[in-house]
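Where a number appears in this text, it was derived from the coordinates with a stated rule and is not lab data. Keep in mind that this is a model prediction, so the values were computed, not measured. Glycine gets a Cβ as well: all are built from the backbone with ideal geometry, and neighbour counts include every protein chain shown.
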Amino acid sequence: MTTRFYQLTASEFDWKITEGKTIKAWGFDYTFPGPVLKAKKGDTLVIRLKNELPEPTMIHWHGIRLPAAMDGTGDVQRPIQPGEEFEYRFVVPDAGTFWYHSHYNETVQMERGMYGALIVEDENDPVFDAEKVLVIDDVKLNANNEFKKGNAIQRWIERHDGRQGKTILVNGKEKPVIRINAGQTERWRFINASSARYVRLSLSGKEFRIIGTDGGLIEKPIEVNEVLITPGERIDIIAGAFEEGENFLIETLAYNRTTVVKTRRQTLATVTVRETKPSIASIPAELRKIETLAATGAAVNRKISFEVDMNFKHGVDFLVNGNMHDRDKPVYVDELQVWEIENTSMMDHPYHLHGFFFQVIEENGKAPLYKAWKDSYNLKPKSKIKIAWIPDNRPGEWMYHCHILEHHAAGMMSHFEVVDPKNGSQRTTHHHHHHHHAM
């Protein structure tokens, strides 16, 4: 196994989203998104982050099963101050499409570009002619291409809906052209890095096959003509083979998640199919086996609810189990967790669990379409899901939250501790880091 070293600098820089439009981005290594970090399954990653931003920051490694101390949240580390460096060091135990992003003042920092892809490969991966990492985001800009602050009403809407911008970016560019050779088959890894936008992905209605989700490959390819990717989620698809001279759009279709501002169908990118080339792609019918953790109908040992409360002060509160920034009960290493998560509200919320993968065993009483390892899953309005997961021996402070950044910041999150029964609780004092949730 290899140790891979990366040095990252977080700073402000000019970034061209099209020839005519330049924005003042915040990001890693002067690119928006940050560099694609690559590793092989089992490698150790060592990432030194130097903070040259005007405010503190820290990095969450989304979907990586790493030690609690490396999770990059205010529960486990002191935010990295301007001018300081911090070294993250962890093994990447799973192959798949992951990403890294700021977990400090996220509503500002991630909107400005503080994220990037982290790809972990495995020698058992299916063979493709090429692969593309496609990070989708949207930004809200004013007429001068500055990040828009908005008046009181717009800020209320943003708090309610989450921040949705009209400018949609793929890998930091507006409506890029993506090229693929006819006759070839590629792995396209999609990451939804937007604050709140639900991406209902369509390749102009063409059939494509899903092969992976948050935690890597699923059991076998699933043929679809669209897929919903909520903030934080990843979907890997088989793209191709296409015909020479074909042109089509990668689009996001309208999705109604009970927001004040409705989304419409929009173009993410254009695909141009170039001359035919021979293919070496070989994708097995069985991608891998996923062991079932718990059957549909398994007994629940914890109930969690995501709630939205209207009040007079700022119109809307986002709660977990009746609290803002909730504190949930500890879980014990190796004890099967079957959690029922209920969304009592009229809005969708993407549920994200830090540091661990879960299986959705039921949604409104029914088993899902296919088995998958997930760390983010959409909670539809007035719905209940049942998830199963096992905390392995990585004791410490963890959290779960809504991945609509504005809802997370407004309180829709919960902290909990994973306890090794042999050593007891390691928790000394618990800090609610409200300072980095300032609106």
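Under a cut-off of 18 Å between alpha-carbon atoms, report the aspartates and glutamates in cross-link reach of Lys277, not counting same-chain residues fewer than 8 places apart.
Asp129, Glu131, Glu186, Glu243, Glu244, Glu246
Which order do the peptides 96-105, 145-154, 17-26 come out in when sorted by mean C-beta neighbours inside 10 angstrom, highest first?
Ranking, from highest mean packing down: 96-105, 17-26, 145-154.
222 nm [θ] for the chain, helices only, -39500 (n - 2.57) per DSSP H run of 4+, per residue, to 500? Please report the intermediate quantities before stating the final value.
On the way: 3 runs with 22 residues, N = 439.
That comes out to -1500 deg cm²/dmol.
Please list, in chain and number order, the residues 5+ apart from Ile229 or on another chain whose amide H is under 5 Å from its amide H, with Hs placed from the backbone.
Amide H neighbours of Ile229, under 5 Å, 5+ apart: Val199, Arg200, Leu201.
Across region 376-390, in residue order, what do the Karplus-derived ³J(HN,Hα) couplings come to in whole Hz, using 6.51 cos²θ - 1.76 cosθ + 1.60 with θ = phi - 60° and x for Gly and Pro?
For region 376-390, the Karplus curve yields 9, 8, 6, 9, 6, x, 6, 10, 10, 10, 10, 10, 10, 7, 10 Hz.
Calculate how many DSSP beta bridges within region 130-274 are antiparallel, expressed in % of all such bridges and rounded to the nearest 5.
Values: 33 of 45 bridges.
Of the beta bridges lying entirely in region 130-274, close to 75 percent run antiparallel.
Quick one: net charge of Glu87's neighbours, Cβ under 12 Å, K/R +1, D/E -1? Before the final figure, lay out the partial values.
Details: positive: Arg48, Lys50, Arg89; negative: Glu84, Glu85.
After counting each charged neighbour, the total is +1.
DSSP loop (so not H, G, I, E, B), at most 10 other Cβ within 10 Å: list which GluC sites (Glu not before Pro) in region 350-419 pass both filters.
Working: sites: Glu362, Glu363, Glu397, Glu406, Glu417; in loops: none.
Listed in order of number, the matching sites amount to none.
Would you grab the residues whose amide H sits under 5 Å from the one on Thr276? Only those 5+ places off in sequence or on another chain, please, with H modelled 1.01 Å from N.
Ala182
For the chain, how big is the tail of P(r) above 34 Å, as a whole percent of Cα pairs?
Result: 28 percent of Cα pairs exceed 34 Å.
Check Trp373: other-chain or 5+ apart residues with amide H under 5 Å from its amide H, H built from backbone geometry?
The list, which skips near neighbours in sequence, is Gly215.
What trypsin sites (Lys or Arg not before Pro) in region 207-286 are in a loop by DSSP, with at most 16 other Cβ atoms within 10 Å of the Cβ?
When the trypsin sites (Lys or Arg not before Pro) of region 207-286 are filtered for loop state and at most 16 Cβ neighbours within 10 Å, Lys262, Arg264, Arg265 remain.
Order the peptides 349-356, 123-130, 48-55, 88-95 from the highest to the lowest mean number of other Cβ atoms within 10 Å of their residues.
Packing proxy ranking, top to bottom: 349-356, 88-95, 48-55, 123-130.
³J(HN,Hα) across region 114-122 via Karplus (A = 6.51, B = -1.76, C = 1.60, θ = phi - 60°), whole Hz, x for Gly/Pro?
7, 7, x, 8, 10, 10, 10, 9, 9
Cross-chain or 8 or more residues apart, Cα under 21 Å: how many lysine pairs in region 130-274 fit that? Count them up, please.
Lysine pairs satisfying the spacing and distance rule in region 130-274 number 21.
Do any chymotrypsin sites (Phe, Trp or Tyr not before Pro) in region 164-216 lie in a DSSP loop with no more than 15 other beta carbon atoms within 10 Å, and if so, which? Don't skip to the end; give the middle numbers.
Numbers: sites: Trp188, Phe190, Tyr198, Phe208; in loops: Tyr198.
Within region 164-216, no chymotrypsin sites (Phe, Trp or Tyr not before Pro) qualify (loop, at most 15 other Cβ atoms within 10 Å).
What is the chain's relative contact order, in percent, from Cα pairs under 8 angstrom and six or more apart in sequence?
Relative CO of the chain lands at 14 percent.
Of the beta bridges DSSP finds with both residues in the chain, what % are antiparallel, to the nearest 5? Intermediate results must be reported in sequence, preceding the final value.
Working: 93 of 126 bridges.
Just about 75 percent of them are antiparallel.
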